[in-house]
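Below: the structure, in structure tokens.
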Amino acid sequence: MKRLLPLLPLMAALALAGCHKLAAKTTEAQTARAVRVVTVADMPITGALAASGDLVPREEAAVLPEVGGYRVSRVLVDVGDTVKKGQTLVTLDPALVQAQLAQAEAVAAQAQVQALQAADQANRVKDLDNAGVLSQEAIDQRRFQARAAQATANAQAAALKDLRTRISKLSVSAPVSGLVLERTVRPGDMSATASTTPWFRLARDSEIELAAQLSEDDLAKIRPGQHADVTLPSGAVVQGVVRLVSPQIDNATKLGVVRVHLPVGRDIRAGGFGRAVFNEVSGLALAAPETAIRYDADGASVMVVGPDNRVKHYPVQTGQRGGGYVQLIKGPPRGSHIVQNAAAFLLDGDLVKPTDAADPPGSFAAPGKVARK
């Protein structure tokens, strides 16, 4: 008994240390925060989808001279003007062609007179075949001369018509009605039919559209006739209508184009930048409740609950929203369990007590548990 007395303090210390360790373990488990968890899954989201793009003419028309070799005498319109179909935009100097026109008219008139004279000579020998008055060779020669004179008269008339057509083309007119976007011609320039640079570029009917670029997944959610709110560079917002959804995806950017028709207005300028918000867009997307997204200086993130019931910070990139859910463009993989309430004060490595979330749909479950039906 005396031998055991010195060992009693040591045994008591060991027992006390063991109690402290057990108490620590018990305290961590007991103080773990109870949280509701949800499962990251594909969900139907009805909300708005945003996309940006350039403001471009719906249809563009180019104006080029149809005759070459004439000097520009006057330019009648400038950039920003609205023109009508057939309106004269440029006049070319007619001095060179006016003298040619007078000469061509005289030559054509002379050829017509000669044709009439030859025809009269042919008519005189109309009934003298085999009559012995003239040789058959002389008769045939008069008839051939009449035909040749008429052919010459027709050729001169055609040349005169061509010259008059050229004169009419000295007035360069607008092929369509619309807004003048660009002008490159100046008084004194020489017209050239071989030029590939247009003198004017017109936006047909002054219509400007937004060519919004979307990913392949988002492109499938847009339909012609769908409405969109378009923000212009000035900050003004106008309502547009989807006119065309591109049938192809760019191989380099993997983006498709949606053409949004906009109302005609002076503040809508081609070449500008616009942002469209497509309303009532629906589709399946990897999503999480909006309450599960937390925002801080590093951006958006969620708290993922691991198999050991410890949480870990996971950065995400969000997309469209709707129905209380937000699309996760980048984030934890499908099937991950995340804390439903991002406002919970949790740090990496914290132990939690996960419980099933009561919100639909029935894909929600705590780690290691089966979702309630």
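Computed from the coordinates by the stated procedures, all read-outs in this text should not be read as laboratory data. Please read all numbers here as calculations on a predicted model, not as lab measurements. Here Cβ is always computed from backbone atoms with ideal geometry, including for glycine, and neighbour counts include all displayed protein chains.
Quick notes on this one:
- Mean separation of Cα pairs under 8 Å and 6 or more residues apart, divided by the residue count, gives the range 94-169 a relative contact order of 48 percent.
- Computed from the C-beta positions of VAL264 and MET190 and an R0 of 22 Å, the FRET efficiency is 0.05 to the nearest 0.05.
- Burial ranking of peptide ranges 294-300, 148-154 (average Cβ count within 10 Å, highest at the top): 148-154, 294-300
- With the simple spin-label model, which puts each label point 7 Å out from Cα in the Cβ direction, the PHE273 to ASN123 separation comes to 8.0 nm.
- Positive-end residue of ALA151, ALA122, PRO94, charge dipole of the range 94-169 with Cβ unit charges: PRO94
- Ranked by the mean number of other Cβ atoms within 10 Å of their residues, highest first, the peptides 97-108, 195-206 fall in the order 195-206, 97-108.
- Computed from the C-beta positions of ASP140 and ARG74, the FRET efficiency with R₀ = 45 Å rounds to 0.20.
- Take the Cα of ALA95, go 7 Å toward its beta carbon, and the backbone nitrogen atoms of the range 172-213 under 20 Å from that spot belong to 172, 186-192.
- Annotation: peptides 115-121, 249-255, ranked by per-residue average of other Cβ atoms within 10 Å with the highest first, follow the order 115-121, 249-255.
- Each part reduced to its alpha carbon centroid, the range 37-104 and the range 252-307 end up 32 Å apart.
- Bridgeable aspartates and glutamates around LYS353 (alpha carbons under 15 Å apart, same-chain partners fewer than 8 residues away excluded): GLU28, ASP308.
- Stretching SER52 away from GLU105 to a fully extended chain increases their span by 13.0 nm, per 0.36 nm per residue minus the current alpha-carbon distance.
- Cβ-placed point charges (K, R +1; D, E -1), dipole of the range 94-169 about Cα centre in debye, nearest 20: 380
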